[in-house]
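Report on the structure given below.
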Amino acid sequence: MKLNKTILILGSSLLLTMASSNIFATTILKLSHNQTRNHPVNKAMMYMAKAAKAYSNGDLIIRIYPDSQLGTQRESLELLQNGAIAMAKSNAAELEAFAPAYGVFNLPYIFKDRAQYYRVMQGEIGESILQSSKDKGFIGLTFYDAGARSFYAKKPIRTPNDLKGLKVRVQLSQTAIAMVEALGGHPTPLAYGELYTALQQGVVDAAENNITALTINRHGEVAKFYSLDEHTMVPDVLVISTKVWNNLSKSNQVALKRACDESMLKMKELWTETENTERLKAIKMGVTFIKVDKAPFVKAVQPMIKKLTEKNPLLSKLVEDINQVR
Ligand code: GCU
């Protein structure tokens, strides 16, 4: 009887210790982003959150706030730098202003194909870019496929000539701005959330993005021509505050990184499906897809690429390294 009681006391104190250590070990990480709940990148991050919880034995709880609930993409990065949130999903265009290495993704026609793009993101070059913002208060955890970006407008764009004089919305990326200028358009930086109305009211004449902009973000309602010039492949990027990262235990860092790597592959699958389904939806919305000869676009941006790489040794080294990746 006495033995039973001792076992009971020992057992319950063990349970209490376990419970309290679990309470202390639980880390809630808030993640902000600007896409909708049904966007594939939100699904990939939900997958990541579930995997991170499992691999950390319940220690890591990631709460996702989609739809710019906590602010625009830029504001989310600022919240993260101020310590108000732990994680954010941004993209390589937005991040270029914080860490110039991301600029390489914004150079037009830099990748030969999707296979090379993935080898870059999953290899040493990708990892060095993810780490390059360390001193800015955050590091990248993984890239998410966001397809190829092309121009879309109220009128067909078949050659760079058709962009002449058009106000083209771009992200706040020096490279995107230089690219649109090189193609003859007037670059107009705007937050993504303001773009639908800007297109509708004629504040801008054109924009450039992947196919989900037409359907999931409904831009196909106000811009009916999507030109398949596929000038850039700009990945989304999941970032975490350097401080939060450094405070995680080694095993939780491993768990989170593993979950992120796996979610990148999940996103690859999701993106392939998405391109097909969203293209059909866009056609149903009345969007015309225009096959374009890419050669004049490629040609028009060469001087700009040369100029940017000549004055930026980091960029020129990254371009060289990417060219070595087969
Ligand atoms: C892509 C990307 C977003 C980004 C948007 C933009 O859709 O996924 O993160 O905000 O482009 O052009 O602003």
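Of the residues making up region 217-227, one or more are at pLDDT 95 or above and within 18 Å of Gln73 (Cα to Cα). Within region 216-238, the set of residues being in contact (Cβ under 8 Å) with a residue 60 or more places away in the chain and basic (Lys, Arg) comprises Lys224 only. Applying the set (1) buried (at least 24 other Cβ atoms within 10 Å of the Cβ); (2) within 13 Å of the ligand (Cβ to nearest atom) to Gly147 leaves exactly one unmet item: (1). Scanning region 181-210 for residues that are of a type outside the set (Gly, Ala, Ser), within 14 Å of the ligand (Cβ to nearest atom) and touching a residue at least 24 places away in the same chain (Cβ under 8 Å) yields Tyr192, Leu195, Tyr196, Leu199, Val204, Glu208, Asn209, Asn210.
Scanning region 25-54 for residues that are modelled with pLDDT of 95 or more and more than 25 Å from Glu194 (Cα to Cα) returns Thr27, Ile28, Leu29, Met46, Tyr47, Met48, Ala49, Lys50, Ala51, Ala52, Lys53, Ala54. Here Leu256 fulfils each of the conditions (1) surrounded by 15 or more Cβ atoms within 10 Å (Cβ to Cβ); (2) outside any helix (DSSP H, G or I) apart from (2). Taking the condition out of contact with any helix residue (DSSP H, G or I) (no Cβ under 9 Å at 6 or more places or on another chain), in contact (Cβ under 8 Å) with a residue 60 or more places away in the chain and either charged (D, E, K, R) or buried (at least 18 other Cβ atoms within 10 Å of the Cβ) (or both), does Lys294 pass? Spelling it out, Lys294 is indeed out of contact with any helix residue (DSSP H, G or I) (no Cβ under 9 Å at 6 or more places or on another chain), in contact (Cβ under 8 Å) with a residue 60 or more places away in the chain and either charged (D, E, K, R) or buried (at least 18 other Cβ atoms within 10 Å of the Cβ) (or both).
Applying the condition of being out of contact with any Leu (no Cβ under 6 Å at 6 or more places or on another chain) and within 15 Å of the ligand (Cβ to nearest atom) to region 45-70 and asking which residue is nearest to Thr274 (Cα to Cα) yields Met45. Does Ala213 qualify as being surrounded by fewer than 23 Cβ atoms within 10 Å (Cβ to Cβ), touching a residue at least 24 places away in the same chain (Cβ under 8 Å) and either on the phi < 0 side of the Ramachandran plot or within 13 Å of the ligand (Cβ to nearest atom) (or both)? Taking the combined requirement at face value, the residue does not satisfy it.
Of the numbered criteria (1) open to solvent by less than 10 Å² (accessible area, probe 1.4 Å); (2) without any contact (Cβ under 8 Å) to a residue 60 or more places away in the chain; (3) within 16 Å of the ligand (Cβ to nearest atom), the one Lys167 fails is (1). Contact map, region 250-277: first residue farther than 13 Å from Pro40 by Cα, second residue of a type in the set (Phe, Trp, Tyr), Cβ cut-off under 7 Å, separation 6 or more or different chains; pairs are Gln253/Trp245; Ala255/Tyr55; Arg258/Tyr55; Ala259/Tyr55.
Does Arg37 qualify as being within 24 Å of Arg149 (Cα to Cα) and assigned to a loop (DSSP other than H, G, I, E, B)? Answer is yes for this residue. Which of the residues that make up region 216-246 are of a type in the set (Asp, Glu), open to solvent by less than 20 Å² (accessible area, probe 1.4 Å) and assigned to a loop (DSSP other than H, G, I, E, B)? Asp229, the sole residue that qualifies.
The values are calculated or read from the model by the stated rules, or taken from the named source; none is laboratory data. Bear in mind the structure is a predicted one, so any value in this text is a computation, not a measurement. Cβ sites come from the backbone with ideal geometry, for glycine too, and all protein chains shown count toward neighbours. In case anyone asks, the SASA skips ligands and DNA or RNA and just uses the protein heavy atoms, side chains included. Shrake-Rupley method; radii C 1.70, N 1.55, O 1.52, S 1.80 Å.
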